[in-house]
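Have a look at the structure below, then the notes.
Just so it is clear, none of the values below were taken in a lab; they were calculated from the coordinates. Computed from a predicted structure; not experimentally measured. Note that each Cβ is placed from the backbone with ideal geometry, even for glycine, and that neighbours are counted across all protein chains shown.
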Amino acid sequence: KLSGNVAIDGPAGAGKSTAARLLAQKLGYLYIDTGAMYRALTWKALKRGINVFAEKQLVALAEETNIYLESTTGGILKVYCDGEEVTKAIRQENVSCHVSAVARVPEVRRRLVELQRKMAASNRVVMDGRDIGTNVLPEAPYKFFLTASLAERAQRRYQELLAAGQPAALEKIKEEIHKRDVQDSLREVDPLQPAPDAVIIDTTNLWIEEVVDKMLSIIYERH
Ligand code: C5P
């Protein structure tokens, strides 16, 4: 029996959430999508008409907002904001475009990181995000950093949207994820970067199953 949590970080669209979900299923762990938490808060801020650069208002909002992730067997994750299901709503383009601004506020991060650590303390988890290996779970024994070329990441997002029957423009997607990566990498508090002890996996030319197999073999090898 394994012991210890798995941390997965990387830029937008590198395949983190799909890989994390599959890995969690195989290990019998809980999958925790921390990006969904930043997205839920952003969704609420936009709904309230709060400017994403109004730090104080965002901090107050983070304090009074109840964000809850429900993991069901099979790895399906539902996201709730103050009791309302927002699983789909938080994937809207408007949220994607503003989430990095919300996520750069230190006090907002502190509050969400506290929740994330609580979830990891009472469950075995596969957690994905931007600062999991560096900050949320620095003691996690298994850390991965997934990357892929910008062109490949944009292409994957594009195909996902098409498959879901949603309108999509490849160039626009490319721009949006690039902008988000720059913002996430350059912010002052807990920027996107690999932990020194993370295994870096370039997924550009890999199928998702290959990525998961790679992670599994590293986990069992170290065990
Ligand atoms: O993972 P996802 O792409 O849904 O994350 C959305 C945004 O949330 C990221 O672009 C980043 O700004 C923020 N985020 C973060 N720290 C995390 C997870 C996500 O800052 N651990």
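A few notes on this one:
- The trypsin sites (Lys or Arg not before Pro) of the range 39-114 that DSSP puts in a loop, and whose beta carbon has at most 14 other beta carbons within 10 Å, are R48, K88.
- Shape of the range 1-121, Cα gyration tensor, a/c cut at 1.5: prolate
- In terms of its C-alpha gyration tensor, the range 153-223 comes out oblate, because a/c is 1.5 or above while a/b does not outweigh b/c.
- Legend: translational diffusion of the chain by Stokes-Einstein, Rh = Kirkwood radius over C-alpha pairs, 25 °C, 0.890 mPa s; D = 139 µm²/s.
- Reach of K44 by Cα under 18 Å, taken over lysines that are not fewer than 8 positions away in the same chain: K56, K78, K88
- Descending by average beta-carbon neighbour count within 10 Å, the peptides 131-142, 150-161, 186-197 line up as 131-142, 150-161, 186-197, the highest first.
- Cβ-Cβ FRET estimate between R222 and D202, R0 fixed at 25 Å, reported to 0.05: 0.80
- Comparing the range 109-163 with the 2.2 N^0.38 Å rule of thumb, its C-alpha radius of gyration ratio is 1.45 (two decimals).
- Fewest-first ranking of W207, W43, using other Cβ atoms within 10 Å as the exposure measure: W207, W43
- Cross-link reach list, lysines versus K16, counting only Cα pairs under 16 Å and skipping chain neighbours closer than eight places: K26, K143, K214
- Set of aspartates and glutamates with alpha-carbon distance to K47 below 20 Å, sequence-local pairs under 8 removed: E55, E63, E64, D82, E84, E85, E93
- Of F144, F53, the sequence from fewest to most neighbouring Cβ atoms within 10 angstrom is F53, F144.
- Between the beta carbons of D213 and L170, assuming R0 = 22 Å, the FRET efficiency works out to 0.15 to the nearest 0.05.
- Computed [θ] at 222 nm, helices only, for the chain once each DSSP H run of length n ≥ 4 contributes -39500 (n - 2.57): -16000 deg cm²/dmol
- Relative to the Cα centre, the charge distribution of the chain, modelled as +1 at Lys and Arg Cβ and -1 at Asp and Glu Cβ, gives a dipole magnitude of about 260 debye.
- The distance separating the Cα centre of the range 82-132 from that of the range 1-67 comes to 3 Å.
- Label zone of A54 (point 7 Å out along Cα→Cβ, amide N under 15 Å): in the range 92-113 this covers 102.
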